[in-house]
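The values are calculated or read from the model by the stated rules, or taken from the named source; none is laboratory data. If you're wondering where the values come from, they're calculated on a predicted model, not measured in any experiment. Heads up, the Cβs are rebuilt from the backbone with ideal geometry, glycines too, and the neighbour counts pull from every protein chain shown.
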């Protein structure tokens, strides 16, 4: 699924199409199944390229290639979007795909568009809508299978507590703080020694 999402977003960018719109339309057409077949065996792939329509002279096997399919469909979508800049995503998709019921189709695509954009519909298994280009995980994210507990071979809460305690120790003992503490320790010992020396000498003099 992640590879399909990346292919669609990459091709969409090449054609100047909103990647979220490209994804929403593919989801409406095929649920992002690159080998989907519809319309009684006459429409193929991600965007259901139709015999006698956008499939052109190509074979179904050609249309099952995600990049081929997306290029063909999104080149048409780019022209529609450019000619109608005020249209909603659903209207652009409906004009590009030419479904029987354009109004219902536009409503569905607008719904998918909102859900993908908000992250409610997770096409790539992540917590957010797929970005136009590859991005690193958010700061603080932990790769699957590498929680703090599992790294120590401990139950996760216990492992987390151990890592927290270790962090505190390391924070306390960083070099600048360590030098300051050693200096303060020697200073304290010096004051105590001076006090003892003063007490002893005063006792002898009396």
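Per-structure values
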item: Residue 125 being farther than 14 Å from residue 21 by Cα, outside any loop (DSSP other than H, G, I, E, B) and modelled with pLDDT under 95; result: no
item: Restricting the range 49-73 to residues that are in contact with a helix residue (DSSP H, G or I) (Cβ under 7 Å, 6 or more places away or on another chain) and in a loop (DSSP other than H, G, I, E, B), the residue that is nearest to residue 100 (Cα to Cα); result: 54
item: Residue 5 vs. criteria in contact with a helix residue (DSSP H, G or I) (Cβ under 9 Å, 6 or more places away or on another chain) and farther than 18 Å from residue 121 by Cβ; result: no
item: Matching residues, the range 70-81, being without any contact (Cβ under 8 Å) to a residue 40 or more places away in the chain and either touching a strand residue (DSSP E or B) at 6+ places or on another chain (Cβ under 7 Å) or over 15 Å from residue 46 (Cα atoms) (or both); result: 72, 79, 80
item: One residue from 84, 58 being surrounded by fewer than 21 Cβ atoms within 10 Å (Cβ to Cβ), touching a strand residue (DSSP E or B) at 6+ places or on another chain (Cβ under 8 Å), more than 20 Å from residue 9 (Cβ to Cβ) and free of Cβ contacts under 8 Å to residues at least 24 places away in the same chain; result: 58
item: Residues satisfying the stated conditions in the range 88-118, i.e. surrounded by fewer than 16 Cβ atoms within 10 Å (Cβ to Cβ) and farther than 18 Å from residue 31 by Cβ; result: 88, 98, 100, 101, 102, 103, 118
item: Residue count for the range 86-105, restricted to those that are part of a helix (DSSP H, G or I) and within 19 Å of residue 51 (Cα to Cα); result: 5
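So that you can scan it fast, the table gives a plain yes or no per residue for (1) out of contact with any strand residue (DSSP E or B) (no Cβ under 7 Å at 6 or more places or on another chain); (2) in a helix (DSSP H, G or I); (3) within 23 Å of residue 110 (Cβ to Cβ):
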residue	(1), (2), (3)
4	yes, yes, yes
9	yes, yes, yes
12	yes, yes, yes
22	yes, yes, yes
28	yes, yes, yes
32	yes, no, yes
35	yes, no, no
41	yes, no, no
47	yes, no, yes
